Amino acid sequence: MKLQNKPIRILSLPSYHWYMKKFNDGKHIVFVNPNSDVFQQTNIDSSKKQLSPIEHIKNEYPPETFDLVHIHFEYQFLELNELIILLKYFKKIQKPIVWTVHDRYSNELPYDSKLKYEKILFKYADKIITLTDGCKNWIDSNLGVHKNGVDVIKHGFIELPDKISGLIKTISKKHDLFTILLGSFRPNKTSILPIINFLMATELNSKKIRILCNPFPMSFKDNVLLEEFRNFYSLVANNPRVELICHPFIEHDDITNSFLESHAVILPYLWGTHSGQLELARDCGCHVIAPAIGFYKEQWDNINTFDISDGKISAYANRYVETLIRVSKLSSITPDVAYRINEFNEILIQHFDLYSSLIHKK
């Protein structure tokens, strides 16, 4: 099916993330709720009465304003019964529900081995999308074979290719610079040992590491973690090989600029499924170093992984450092802007066709 002039109106839950923003092109797809998180509601005017996410959606986005709802993540910030009520509401007003499976498990909330939220979304979704064949197989094995199947559509760029084209004219690649984006110290990342091992590796003495993070947590559940953070600060505070950029909110442009300057990006994940950081590293021409978890290799086969699947915990650090050293000897990468543009044109058509087919079934 070819793209048409009349745009499809999407209620995107959420819509603020850079993965979603690229679909809101205003011509083929229009978000009725741009730049909103909805499930957390941090974007709502504090002067207004605080509404539940369900009340907010009903008040701000009545049925006649959108054609379809697309759920991505953060749904676990709702109580399970709230999610069920919301999904039943969409069914009642006859709005097709699309669910993109970005993560098998939440990266922020406690691990739920029973997949209660995912099973509910699986039940109510009219169509499921995921980003890799590996995750599709996981869905089939853990949630079942969906009545309308699971479409695999690539992740695509995070930063606008045109913006990358402009930035690379003024930002030069630094072969000796590695970047690690810790952000808000989520439980799915290890924040200290990857940096310590980088700094202690003799073969990397000429290399520098840039750390992007939010302020350290103010309280800890145990003294061991508190001591680790004290040691971490002592290690990096005055180290000439460390550049520490710590802000309450790290601007997207700062992350993009840092990745563009960097030879490589370190992804210090403990668990995961897919990674937007990996895609941004591709946009910016960075080598990627990550543990061999999730489906990262399916997102980009040109990343550098180290094995943590055999239970030989004592060997993990050596494997990580060996990967760092190997990457440090590679030539830097030039961003492939044209590829990312062509790839997204296909991704956009796939989404538009899927939306159209659901709307026409109503």
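The numbers here are math on the coordinates, done by the rules we state, and not lab data. Keep in mind it's a predicted model, so treat the numbers as computed, not measured. Cβ atoms come from the backbone with ideal geometry, glycine included; neighbour counts cover every protein chain shown.
Here region 162-317 carries DSSP beta bridges of which approximately 5% are antiparallel, counting only pairs with both residues inside. Approximating the spin labels as points 7 Å out from Cα along Cα→Cβ, the Ser184-to-Leu235 distance works out to 2.5 nm. Between Ile120 and Ile168, the modelled labels are 4.4 nm apart [label points 7 Å from Cα along Cα→Cβ].
Each principal axis of the Cα cloud of region 169-334 was taken in turn, and the coordinate range along them, longest first, works out to 44, 40, 32 Å.
Counting beta carbons within 10 Å around each of Cys246, Cys213, Cys284, Cys135 and listing the fewest first gives the order Cys246, Cys213, Cys135, Cys284. The residues Trp271, Trp99, when put in order of fewest to most other Cβ atoms within 10 Å, stand as Trp271, Trp99. Computing Cα Rg over 2.2 N^0.38 Å directly from the structure and comparing it against (i) 1.11; (ii) 1.04; (iii) 1.43 singles out (ii). Length available on full extension from Ile325 to Asn81: 0.36 nm per residue minus the Cα-Cα distance, which gives 82.9 nm. When a/c is below 1.5 the answer is rounded, else prolate if a/b is larger than b/c, else oblate, so apply that to region 59-133 with a ≥ b ≥ c taken from the square roots of the Cα gyration tensor eigenvalues. In terms of gyration-tensor shape, prolate.
Label point of Asn197 set 7 angstrom out along Cα-Cβ; within region 306-328, amide nitrogens under 14 Å from it belong to 306-327.
Legend: calculated FRET efficiency, Asp310 to Lys154, from the Cβ-Cβ distance at R0 = 30 Å, rounded to 0.05, equals 0.50.
Taking label points 7 Å from Cα along the Cα-to-Cβ direction, Gln350 and Asn205 give a separation of 4.8 nm. Sorting Asp37, Asp176 by the number of Cβ atoms found within 10 Å of their own Cβ, with the fewest placed first, yields Asp176, Asp37.
Kindly identify region 262-362 as rounded, prolate or oblate by the Cα gyration tensor criterion: order the square roots of the eigenvalues as a ≥ b ≥ c, call it rounded if a/c is under 1.5, otherwise compare a/b with b/c, prolate if a/b is larger, else oblate. Note, shape of region 262-362 comes out oblate.
If you fit an axis through the alpha-carbon atoms of helix 252-261 and take the longest principal axis of the Cα set of the chain, what angle between them do you get, 0 to 90°, nearest 10? So the helix axis and the longest Cα principal axis differ by about 40 degrees. Compared with the direct C-alpha span, the chain from Asp253 to Val145 gains 34.9 nm at full extension, assuming 0.36 nm per residue. For region 204-362, the dipole from Cβ point charges (+1 on Lys and Arg, -1 on Asp and Glu) about the Cα centre works out to 320 debye, to the nearest 20. Looking at the chain, what % of its DSSP beta bridges pair antiparallel, to the nearest 5? The answer is about 5 percent antiparallel.
Which shape class applies to region 271-311: rounded if a/c is under 1.5, otherwise prolate when a/b exceeds b/c and oblate if not, where a ≥ b ≥ c are the square roots of the Cα gyration tensor eigenvalues? It is prolate, given that a/c is not under 1.5 and a/b is the larger ratio.
Give the aspartates and glutamates reachable from Lys163 as a straight Cα distance under 12 Å; neighbours fewer than 8 places away on the same chain don't count. Hits, sequence-local ones excluded: Asp253, Asp283.
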